[in-house]
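Down below is the structure, laid out as structure tokens.
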Amino acid sequence: MVAIDMTTASIIYVTSFVILLIGYLTAISSKDVIRLLISLEMMFGAVFLALIPLFSVAILANAAFGIAIVTIFTSSGELLILIAAIGILDRQKKDIHTNVIKIGGDRV
Amino acid sequence: MEVWVLIALAGIAVLSSLGVLLSKDNFYSSLYMSATLIFVASIYAIFNLQPVFVLIVFIFVGAIGIVTVAVAATYRSDPESQFSKPWAVLVVITAAVVGFAIYSYKMLNPNLSSSLIKFELINFMAQPEYLILVLSLVALVVLLLLSVLKMVAGGTED
């Protein structure tokens, strides 16, 4: 039986927060959709990390496992859709960069 | 001892996530991302939560992460720095504010540090509703995969 105290929980939350912020910064700085996909996966990794202290509450342990499974499967599904969208975007626009957006001849 | 292992794993995870941010090439960036997720999963493993470790490593890294690496390797172009300094300043300020909030919470509530909380992952697989949940999620992913295949095939016809 493994027990965690507040220090351990703090380390986990701080690590999760740092990875989440780095994911946000990567998403903001991204110039193509593949970097955006990578940053989304990092953010989901931070979410997985933030779920660990939920397992420490005895009555919530089974529910936490259920939440972890739902999170992993749904995030995988979302990323699968994004990967397909990248393929379709490249096929239709012949470009995967996001720094230039063209709308009706205007460049934003 | 375990706290030091946790700190080491967390530190390596943060360093590899910094590698994602600072790497210019998307291919290396996706490799660093896979390493970050494996270290996040190994933090689950040191808390004796091996089922979640297996799910993250096999499904998230093994399936989605490898596809991301493959996509990044396919669309490999001239490396270009993708790091925004103005946004980095804002992110560091936010991190400092939240870090101070966590620190001050612990300082103002010293009694919390002595309370131990235990993991109890009991009889999960014996509960039928969770088995149905897992089955429905697997069916959901299979359906998503089929619809993605149909979407991509539809794009080919155009």
Identify, among A:Asn62, A:Leu21, A:Leu37, the residue whose Cα sits farthest towards the positive end of the charge dipole of segment A:6-105, taking +1 on the Cβ of Lys and Arg and -1 on the Cβ of Asp and Glu, with the dipole about the Cα centre.
A:Leu37
With label points set 7 Å from each Cα along the Cα-to-Cβ direction at A:Ala85 and A:Val70, the distance between them in nm comes to 2.2
Where segment A:6-105 is the region considered: accessible area per residue in Å², 1.4 Å probe
38
For the B and A pair, go ahead and give the buried accessible area with a 1.4 Å probe, both sides summed, in Å² to 100.
6900
With the cut-off at 1.5 for a/c, could you classify segment A:1-70 from its C-alpha gyration tensor as rounded, prolate or oblate?
oblate
Residues of B:23-30, mean number of Cβ from any other protein chain within 10 Å of their own Cβ, rounded to a whole number?
3
If R0 = 35 Å, then B:Phe83 and B:Met151, at their Cβ-Cβ distance, give a FRET efficiency to the nearest 0.05 of 0.60
Are there residues in segment A:60-96 whose accessible area shrinks by at least 40 Å² when all protein chains are included rather than the chain by itself, and which are they (probe 1.4 Å, ligands and nucleic acids not counted)?
A:Asn62, A:Phe65, A:Ile69, A:Ile72, A:Phe73, A:Ser76, A:Leu80, A:Ile81, A:Ile83, A:Ala84, A:Ile88, A:Arg91
In nm, spacing of pseudo-spin labels at B:Glu129 and B:Val92 (7 Å Cα→C-beta vector)
4.9
Quantify, in whole percent, the carbon and sulfur part of the accessible surface of segment A:6-105 (1.4 Å probe; protein heavy atoms only).
70
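The values are calculated or read from the model by the stated rules, or taken from the named source; none is laboratory data. Note that this is a predicted model, so its numbers are computed, not measured. Cβ coordinates were reconstructed from backbone atoms using ideal geometry, including for glycine residues, and neighbour counts include every protein chain displayed. Note: areas computed on protein heavy atoms with side chains; ligands, DNA, RNA excluded. Shrake-Rupley method; radii C 1.70, N 1.55, O 1.52, S 1.80 Å.
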